[in-house]
1. State whether one or more residues within segment 29-46 are within 21 Å of the chain's Cα centre (by Cα), in contact (Cβ under 8 Å) with a residue 24 or more places away in the chain and more than 15 Å from residue 164 (Cα to Cα).
2. Before we move on, is residue 301 farther than 30 Å from residue 200 by Cα, modelled with pLDDT under 95 and not assigned by TED's automatic domain parsing to the domain that holds residue 138?
3. Residues in segment 270-283: is at least one under 26 Å from residue 192 (Cα atoms) and out of contact with any strand residue (DSSP E or B) (no Cβ under 9 Å at 6 or more places or on another chain)?
4. Would you point out which residue out of 62, 79, 16 is surrounded by fewer than 20 Cβ atoms within 10 Å (Cβ to Cβ) and either without any contact (Cβ under 8 Å) to a residue 40 or more places away in the chain or at positive phi (or both)?
5. Within segment 259-277, can one find any residue that is assigned to a loop (DSSP other than H, G, I, E, B) and modelled with pLDDT under 95?
6. If a residue must be in contact with a helix residue (DSSP H, G or I) (Cβ under 9 Å, 6 or more places away or on another chain), in contact (Cβ under 8 Å) with a residue 12 or more places away in the chain and farther than 30 Å from residue 178 by Cα, how many such residues does segment 47-58 contain?
7. Against the definition (assigned by TED's automatic domain parsing to the domain that holds residue 162 and either buried (at least 19 other Cβ atoms within 10 Å of the Cβ) or at pLDDT 95 or above (or both)), how does residue 31 come out, yes or no?
8. Return only the number of the condition from (1) within 21 Å of residue 178 (Cβ to Cβ); (2) assigned by TED's automatic domain parsing to the domain that holds residue 194 that residue 232 does not satisfy.
């Protein structure tokens, strides 16, 4: 498998096949690990970083099903390729934008990736469609155990796994769920939900994690603290609260259907119409309109349009994806034109939204 092959793939987490996938786009667990015999990445020399990469490359290639892995040296990639991997949630923005020896190993189905020399020596992440935290934990625990059998992690008997950022010390685990919450945004309840989450030490971030903006009404909910908490505690904390948020979103959607069906239908119809006919359109507007259409499909206002296609459009209309798909560097204006063409070609011939039901 080559990097360009990913443009034709759809990651497992985008398939809309997991539990509660109308609202929960994906579940993700990330583990931060460091090697005992080397300084943290921020203090490592170029020689250290090179040696860390060599040691971990050997360990990664020794895990089960390693033949399916695509191993990429990130420092050798062009900027558009690094951004492409960020858009697919396979590496972090920090990993893409930093300098020096660093790499990523990617599973053929894009269900997991392993970053080398990010903030920590090792960042393992596993993603699954829908609310699938238990399955995600089983997979990442298997990968972590396999790697730990080959290398020695930096570990303290009292504090747990030692990490570059103090907030990750302990389990080194970040448990996150990506939620699509358009109705809570429309009914202006989203800030109240966020304030409640912050009170119980859960973080709310945008589509691409820490420091990113919310796009297309997608939000990542994750734990903030790992020290003194077990892996099962952290999973349970997120797993217990997500159904509550799902219920709030469903109530908000029911409210919109009952109280203003004409306005809801008009919003969905306008969004769908623009996406199918626009000659030029920005990434931000595309995300917003796709969000309305995705909600419309899940509410039965649009037939013959599948959620996996919409999930794919969210991804493939991003700037780096468009350039990879066209095989050319595009400025902002050309990307907007190409994005509109791509949307028209994939939404052509679909049915119009159904009108609102009458009581």
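The values are calculated or read from the model by the stated rules, or taken from the named source; none is laboratory data. All values derive from a computational prediction rather than experimental measurement. A quick note on method: Cβ atoms are made from the backbone with ideal geometry, for glycine too, and the neighbour counts reach across all protein chains shown.
1. From segment 29-46, those within 21 Å of the chain's Cα centre (by Cα) are 29-33; that's our starting set.
Restricting the remaining residues to those that are in contact (Cβ under 8 Å) with a residue 24 or more places away in the chain gives 29-33.
Those still in the list that are more than 15 Å from residue 164 (Cα to Cα) too: 29.
Within segment 29-46, one or more residues are within 21 Å of the chain's Cα centre (by Cα), in contact (Cβ under 8 Å) with a residue 24 or more places away in the chain and more than 15 Å from residue 164 (Cα to Cα).
2. yes
3. For segment 270-283, residues under 26 Å from residue 192 (Cα atoms) and out of contact with any strand residue (DSSP E or B) (no Cβ under 9 Å at 6 or more places or on another chain): absent.
4. It is 79.
5. Step one: of segment 259-277, the residues assigned to a loop (DSSP other than H, G, I, E, B) are 260.
Imposing the further condition that a residue be modelled with pLDDT under 95 reduces the set to 260.
The answer is yes, given that some residue of segment 259-277 is assigned to a loop (DSSP other than H, G, I, E, B) and modelled with pLDDT under 95.
6. Residues flagged as in contact with a helix residue (DSSP H, G or I) (Cβ under 9 Å, 6 or more places away or on another chain), in contact (Cβ under 8 Å) with a residue 12 or more places away in the chain and farther than 30 Å from residue 178 by Cα within segment 47-58 amount to 2.
7. yes
8. In the conditions (1) within 21 Å of residue 178 (Cβ to Cβ); (2) assigned by TED's automatic domain parsing to the domain that holds residue 194, residue 232 misses (1) alone.
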